[in-house]
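Undergrad: Quick one: the structure is below, questions incoming.
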């Protein structure tokens, strides 16, 4: 099946160079070039895009233009594209915080950049998409510092949000994954026995050994305790104690 990559870029020479390089890397990839927000939306609706390469600023005439981010924000609201890799190209000095925190961006290229540098990131992003496509449904792939961590959902005891990161508490270690949210993890792990017990914590129900509603905590395994948020007590009581 042919893969589809969308390039949203108003610099025709740059988008053509990227299209050529991607084609030379893999002739089975169809590259769709768009110069406007509207053209990009049309392509995303027509094809199943597996990688988005988006210029943050499409109109240099408007200093406040952030069309690329607006497009990314729109596709992230579509279930089909919730976790599709996005690479931003930009002349902005620090787009990372918004791009990574809010839009779950795979990476970014600061202009001017070489085609070789771009292709290194593009190849990684396409491999990341392939990993997700062929992954066992009981495995989650987490990315940190350019490294993919395949983790069995059954090995996750609980997850906590902390300072723009998620802490994954496993049987033998804790992994800190930046710019991922509780909401995103719950979507990734749907139907595999996870439940939220507070604003900042999700637990794997298979590790729950005791439920203490009066003192508002769950005991996980032999010693670990996590708090139950006040607004979650009713849900915990109904789902775990069936009362």
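Undergrad: Determine whether residue 200 is exposed (fewer than 15 other Cβ atoms within 10 Å of the Cβ) and either outside the structural domain of residue 84 (by TED's automatic domain parsing) or more than 29 Å from residue 77 (Cα to Cα) (or both).
TA: No.
Undergrad: State all residues of segment 149-160 that are at pLDDT 95 or above and under 17 Å from the mean Cα position of the chain (by Cα); if no residue qualifies, say none.
TA: Selection gives 159, 160.
Undergrad: Tell me, which residue of segment 155-178 that is outside any strand (DSSP E or B) and in contact with a strand residue (DSSP E or B) (Cβ under 8 Å, 6 or more places away or on another chain) is nearest to residue 230 (Cα to Cα)?
TA: So the residue we want is 164.
Undergrad: Which of the residues spanning segment 179-195 are out of contact with any helix residue (DSSP H, G or I) (no Cβ under 7 Å at 6 or more places or on another chain) and outside any helix (DSSP H, G or I)?
TA: Selection gives 180, 181, 190, 191.
Undergrad: Search segment 214-243 for residues that are closer than 26 Å to residue 170 by Cβ and pair each with any residue that is at pLDDT below 90 and exposed (fewer than 15 other Cβ atoms within 10 Å of the Cβ) when their beta-carbon atoms are under 6 Å apart and the residues are at least 6 apart or on different chains.
TA: The qualifying pairs are 219/209; 219/210.
Undergrad: Exactly one condition in (1) touching a residue at least 40 places away in the same chain (Cβ under 8 Å); (2) surrounded by 15 or more Cβ atoms within 10 Å (Cβ to Cβ); (3) closer than 24 Å to residue 80 by Cα is false for residue 151; which is it?
TA: Unmet condition: (1).
Undergrad: While we're here: Residue by residue through segment 217-243, note down the ones that are buried (at least 18 other Cβ atoms within 10 Å of the Cβ), in contact with a helix residue (DSSP H, G or I) (Cβ under 7 Å, 6 or more places away or on another chain) and not in a strand (DSSP E or B).
TA: Of everything in segment 217-243, just one residue is buried (at least 18 other Cβ atoms within 10 Å of the Cβ), in contact with a helix residue (DSSP H, G or I) (Cβ under 7 Å, 6 or more places away or on another chain) and not in a strand (DSSP E or B), namely 228.
Undergrad: Looking at residue 81 and the list (1) within 28 Å of residue 183 (Cα to Cα); (2) at pLDDT 95 or above, which single condition is not satisfied?
TA: Unmet condition: (2).
The values are calculated or read from the model by the stated rules, or taken from the named source; none is laboratory data. Bear in mind that the values here come from a model prediction, so they are computed numbers and not experimental data. Cβ atoms come from the backbone with ideal geometry, glycine included; neighbour counts cover every protein chain shown.
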